[in-house]
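Have a look at the structure below, then the notes.
The values are calculated or read from the model by the stated rules, or taken from the named source; none is laboratory data. Here the structure is a predicted model, which means the values were calculated and not measured. FYI the Cβ positions are ideal-geometry reconstructions off the backbone, even for glycines, and counts take in every protein chain you see.
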Amino acid sequence: MDEEVVRERDARAYEAVHSAADFTELKRRYTRFVVPWTITFMVWYLAYVACNNWARGFMSHKVIGHINVALIFGLLQFVSTFVIAALYGRFANRRLDPLASGLNAKYKRERRR
């Protein structure tokens, strides 16, 4: 098959998927999840950094033995990362993957034409 024909077929299939209502909905769902959680995580991380720089008395406060607030906040950074990743995985499986699978099937159908 001629390379130009393959490119045209791929472009036509991509345009069909891109113009589908499901594609717009997929982008909307993705954005509505990712943007708020990214902002939340960045605020949390910047608060941690700011406290380490300007609230040293608070961050050096001992909680249990040699464990201080800074260590707990630092460990909570890892916890929050894994929690957000787990939430995204669950969200993607339930709300994004069904749409993406349908769009993938549509792309493959269009590409065979």
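What the table shows:
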quantity	calculated
Complete set of residues in region 12-40 that are surrounded by 11 or more Cβ atoms within 10 Å (Cβ to Cβ), assigned to a helix (DSSP H, G or I) and hydrophobic (A, V, I, L, M, F, W, C)	Ala13, Ala16, Val17, Phe23, Leu26, Phe33, Val34, Trp37
Any hit, region 60-73, residues being surrounded by fewer than 14 Cβ atoms within 10 Å (Cβ to Cβ), part of a helix (DSSP H, G or I) and basic (Lys, Arg)	no
Scan of region 91-113 for residues that are in a helix (DSSP H, G or I) and basic (Lys, Arg), ordered by number	Arg94, Arg95, Lys106, Lys108, Arg109, Arg111, Arg112
Inter-residue pairs, beta-carbon under 7 Å, first over 18 Å from Arg90 (Cβ atoms) and in region 15-39, second assigned to a helix (DSSP H, G or I) and modelled with pLDDT of 95 or more, 6+ apart	Val17/Phe23; Val17/Leu103; Ala20/Leu103; Asp22/Leu99; Asp22/Gly102; Asp22/Leu103; Phe23/Leu103; Glu25/Leu99
Residue in region 76-91 that is under 30 Å from Asp10 (Cα atoms), loosely packed, with under 12 Cβ neighbours inside 10 Å, out of contact with any Pro (no Cβ under 9 Å at 6 or more places or on another chain) and of a type outside the set (Asp, Glu) present	yes
Pick from region 92-113, criterion small (Gly, Ala, Ser) and within 23 Å of Val34 (Cα to Cα), ranking: surrounded by the fewest Cβ atoms within 10 Å (Cβ to Cβ)	Ser101
